[in-house]
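Okay, structure first, notes after.
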Amino acid sequence: MTGSYDLVVIGAGSGGVRAARMAATYGARVAIIEEFRVGGTCVIRGCVPKKLYVYASRFNELFDVAASFGWQVDASFDWPTLVANKEKEITRLEHAYTANLEKPGVEIIKDRAVVTGPNSVHLVGQDRDLDARYILVATGGHPYIPPIPGAELAITSNEAFDLPALPHSILIEGGGYIAVEFATIFAGLGVNTTIVYRGDCILRSFDDDMRRGLEAGLIDRGIKLIYQTTIKSLTRAGDDISATFSDGVTAPYGAVMFATGRAANTGGLGLEAAGVKLHSNGAVMVDAFSQSSVPSIYAVGDVTGRAALTPVAIREGWYFAETVFNNNPLAVDHSQIPTAVFSEPEIGVIGLTEGEAATHGDIDVYLARFRPMMNTLSSRTERMILKLITEKDGGKVLGCHILGPGAAEMIQLVAIPMGMGASKADFDRAMALHPSAAEELVTFKAPSYTYRDGKKIGG
Ligand code: NDP
């Protein structure tokens with residue numbers, strides 16, 4: 001049995017679902033193939049459950065400061081309740097995504113797909129072939145697991161959400177988004193947490209003040225950081241897992257988690273045999289319009305290795321549909337993407353880091369560090385950091401970096417003026433909103449320090 005479609009989408013995650021819906025809205029006959037659950041990494045085992053768990057972990061600190069506001073709280077935490085409620089919510093979202101596909105007439109096929117040519121896809125389970133005028137690869141990625149002895153004893157973010165019980169302690173390898181987010185989740189829920197990272201400070205590509213600020217925040221929350229070290233092997237030790245590190249030290253942990261990056265889901269997809277060129281890391285090579293080296297095959301989202309972020313995948317899927325099915329060629333601008341790390345404290349950033357900006361011209365740096373008002377009645381001393389980097393003498397805003405409560409929400413809004421090419425004067429024209437943390441961004445007077453000819457002056 002065969003089926004004939006204008007578009008066959010492989011992968012019902014953020015990018016694939018948006019592309020399928022839009023293409024169907026433009027009149028295309030569309031099938032979307034998914035072997036797991038509709039919703040993809042973001043909904044099922046990424047952004048959505050992660051943010052729910054972040055909320056859960058933050059109660060701990062709220063209870064801490066509650067006393068200084070006159071509250072007495074006698075709290076306890078139940079992991080199975082959180083897991084069950086999370087499951088309810090992602091199932092609701094899965095149904096919403098499914099309904100949104102079905103409404104414009106997208107056919108959902110639950111199976112594993114293999115690309116067998118520029119215009120053909122084989123369904124492995126059903127053992128049948130589909131003809132497709134266009135194929136969109138939106139298969140996402142999977143956690144990369146270092147090939148060390150005993151690696152199978154460790155978990156990844158895929159399993160972390162559904163552990164049968166919280167471990168008494170956890171060792172997390174990696175220094176990126178997932179490592180620091182899960183470290184703060186586990187620590188907030190009372191798990192003795194250690195990060196082991198091969199570099200010398202977490203979040204390698206972030207602004208130094210954000211990195212050092214978060215590092216201090218993690219340490220303040222009791223998270224242990226082991227730098228310039230990797231895990232060499234894992235063995236079972238009773239109920240624990242024993243980790244041997246690159247410096248020869250061995251220590252037991254209740255659980256070990258790899259957060260060592262993610263790799264594109266292109267294995268066994270038949271892409272190379274169909275003529276699709278891949279990068280050396282397995283990601284699909286695409287042009288600005290998400291077209292691969294085979295003209296009828298496109299790819300969007302994490303599988304392309306551009307920016308592994310949900311809103312980027314959604315935009316790529318939408319623009320693909322505009323380009324191919326609405327005669328409206330649109331290329332996604334990947335140059336200015338706001339991003340947040342939902343750690344504790346939280347980070348929100350957009351644009352250039354101080355280090356990057358200083359090597360590209362003369363810049364002014366405006367920096368504020370202060371105790372968030374929420375902490376002022378308590379003994380908490382943690383400071384919020386807001387940094388604005390501009391071209392010299394009140395020119396264009398080049399970067400904004402925020403560490404502290406609400407950083408993600410703030411940076412989403414900062415993305416609007418920055419996308420319009422706003423200058424420091426444009427920020428200054430905005431009336432401050434008091435009392436808020438964000439008002440600092442529009443009340444900076446003189447620069448805290450500057451860079452001229454690459455040299456730091458003042459500060
Ligand atoms: P990241 O790329 O952010 O971090 C991976 C970390 O693992 C880095 O610290 C890296 O070190 C380290 N690493 C890589 N390979 C090895 C190895 N062989 N041995 C030891 N350490 C290693 O990946 P994540 O897995 O944290 O997240 C994947 C992507 O998902 C992110 O880049 C982001 O795009 C997205 N994401 C976004 C979130 C958000 O928006 N809040 C949340 C979670 C994920 P080094 O720094 O030296 O390279």
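Values computed for the structure shown
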read-out	value
Neighbours by Cβ (under 8 Å, 6+ apart or cross-chain): first from the range 140-154, within 19 Å of ALA283 (Cβ to Cβ); second more than 10 Å from the ligand (Cβ to nearest atom) and among the polar types (S, T, N, Q)	GLY140/ASN265; GLY141/ASN265; HIS142/ASN158; HIS142/ASN265; PRO143/ASN158
Checking ASP220 against (1) open to solvent by 70 Å² or more (accessible area, probe 1.4 Å); (2) touching a helix residue (DSSP H, G or I) at 6+ places or on another chain (Cβ under 8 Å); (3) more than 30 Å from ARG315 (Cβ to Cβ), the condition it does not meet	(2)
Of all residues in the range 346-374 being among the β-branched types (Val, Ile, Thr) and either in a loop (DSSP other than H, G, I, E, B) or within 22 Å of the chain's Cα centre (by Cα) (or both), the one that is nearest to ASN60 (Cα to Cα)	ILE347
Residue pairs meeting the criteria (Cβ under 6 Å; at least 6 apart or on separate chains; first in contact (Cβ under 8 Å) with a residue 24 or more places away in the chain, in the range 443-459; second in a loop (DSSP other than H, G, I, E, B) and surrounded by 12 or more Cβ atoms within 10 Å (Cβ to Cβ))	ARG452/ASP362; GLY459/SER448
Any helices (runs of 4 or more DSSP H) falling wholly within the range 146-239 and containing at least 1 residues that are β-branched (Val, Ile, Thr) and near the ligand (Cβ under 9 Å from one of its atoms)	177-188
Hits in the range 67-93 (condition: within 26 Å of HIS168 (Cβ to Cβ) and either touching a His at 6+ places or on another chain (Cβ under 9 Å) or part of a helix (DSSP H, G or I) (or both))	TRP79, PRO80, THR81, LEU82, VAL83, ALA84, ASN85, LYS86, GLU87
The one condition in (1) within 16 Å of the ligand (Cβ to nearest atom); (2) open to solvent by 10 Å² or more (accessible area, probe 1.4 Å); (3) part of a loop (DSSP other than H, G, I, E, B); (4) of a type outside the set (Val, Ile, Thr) that SER343 fails to fulfil	(2)
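Every residue, every condition in (1) closer than 22 Å to PRO345 by Cβ; (2) open to solvent by 30 Å² or more (accessible area, probe 1.4 Å), yes or no:
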position: ALA407; (1), (2): yes, no
position: MET420; (1), (2): no, yes
position: ASP426; (1), (2): no, yes
position: PRO435; (1), (2): yes, yes
position: GLU440; (1), (2): yes, yes
position: PHE444; (1), (2): yes, no
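Here's the yes/no breakdown for (1) among the basic types (Lys, Arg); (2) surrounded by 14 or more Cβ atoms within 10 Å (Cβ to Cβ):
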| site | (1), (2) |
| --- | --- |
| GLY11 | no, yes |
| ALA31 | no, yes |
| LEU52 | no, yes |
| ALA56 | no, yes |
| PHE63 | no, yes |
| TRP71 | no, no |
| PRO80 | no, no |
| LYS88 | yes, no |
| LYS110 | yes, yes |
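The values are calculated or read from the model by the stated rules, or taken from the named source; none is laboratory data. Model, not experiment: these values are computed from the prediction. So basically every Cβ, Gly included, is an ideal-geometry build from the backbone, and we count neighbours across all protein chains shown. Remember, those area values only see protein heavy atoms, side chains included, never the ligands or the DNA or RNA. Shrake-Rupley method; radii C 1.70, N 1.55, O 1.52, S 1.80 Å.
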